[in-house]
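Throughout, read-outs are computed from the coordinates displayed, never taken from laboratory work. A quick note: this is a predicted structure, and the numbers were derived from the prediction, not measured. Every residue, glycine as well, gets a Cβ built from its backbone with ideal geometry; the counts of neighbours run over all protein chains shown.
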Ligand SMILES: [Zn+2]
């Protein structure tokens, strides 16, 4: 009994710490007065039915009211912006991105990180959870950017970062790795299980997860295999940030995930990117892609190389990923049907992996999730409210009083076709139109 009480208290303390660590300060103030967005269809991110002819009221970077226009009183000093004909959803949350440097980085490192964040925000992704820095220097720059955003007003995508991946050759090293990450104020802990001989043993990553829990930090794991997913959850891991791709998920996994409220992040575009450049993909010509060329051009030029495309075509490992992606689609549908918490995530800008476009691929990811069998409403919820729940981001992911005023305004209704998320009118962060 005593043990049960202790562990419950420890869990509560951990949850509290995690929540406070990720909260943005009250200083997201905007100098202007309140703003009322009127006449839009609003999809609030919770999965609730859309509100037609709604008004959203914002002040000091936060939402203060939302509802049918008839029910929201607009203060006399508010600036009114007509949104008739638009659909407004919460700014998108990418639960698995990377804001870091790689071999193809051309800009100085700080400018590179800022450019990646700009690409995300240009495409309506207003929060990114970066799950792995490449170097200690860009890890530190990420924390610096994050602090500036949280004490000021972000002018581009909000950065939540795990810093470098936690790792160790012994349980003690794994614990020390987590301790270091907490000392530099990582928002969460990410680690890798690849299903290879050089993986951390369950004993080692069990210590890693235990140390993170003790310190009030949530853990996210890279997995491929069903058995590794189960072991990671048994050890207390909070989120699987890739799909199970070796076999069908079973009721045992589903039960474990639901019982422990485990988040599942499919990252379907990650697998797409492994094989899609065996030829020139048609989407390179899409205007919606091309508006990101200021960030994408360097990698497009590399991937245009016919020799590289031929290598991709002839690689058995690459071709095997096509099968893995089919398995991922099937598992996503099964887990969503079972009521498992799904978060949109992409692995975009992963260091030294080509062709994972920050911003553009989040829209492809949502389309692929719909093709796997999710409804547009399920997809939107996974990219907003449920993404925030998985990553314990209490301030974002919903259009509700008290939440940050991070909004994606669309010219078409994504509930009728998920590709309408690409019809971007404007992106708002902390109540400010970018
Ligand atoms: Zn990743």
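With N the number of residues in the chain, Rg(Cα) / (2.2 N^0.38 Å) evaluates to 0.95. Listed from fewest to most Cβ neighbours within 10 Å, the set 283, 224 follows the order 283, 224. Report the FRET efficiency, 1/(1 + (r/R0)^6), for residue 260 and residue 375, where r is their Cβ-Cβ distance and R0 is 25 Å, rounded to 0.05. My answer for the efficiency is 0.50.
I want to make sure I understand the PRE zone here: with the label point 7 angstrom from the Cα of residue 434 toward its beta carbon, which residues in the stretch 133-162 have backbone N atoms less than 16 Å away? Residues 146, 149-150, 153-160 qualify, since their backbone N sits under 16 Å from the label point. Counting other Cβ atoms within 10 Å as a rough exposure proxy, the listed residues 199, 210, 44 run 199, 210, 44 from fewest neighbours to most.
Estimated from helices alone, the mean residue ellipticity of the chain at 222 nm is -12000 deg cm²/dmol (sum of -39500 (n - 2.57) over DSSP H runs with n ≥ 4, per residue). Between residue 291 and residue 140, the FRET efficiency from the beta-carbon distance, with R0 = 22 Å, is close to 0.10.
If you plug the beta carbon distance of residue 184 and residue 155 into 1/(1 + (r/R0)^6) with R0 = 35 Å, you get a FRET efficiency near 0.90.
Taking 7 Å steps out from each Cα toward its Cβ at residue 284 and residue 309 produces label points 0.6 nm apart. With neighbour counts taken as other beta-carbon atoms within 10 Å, the residues 99, 35, 184, 128 rank, fewest first, as 184, 35, 99, 128.
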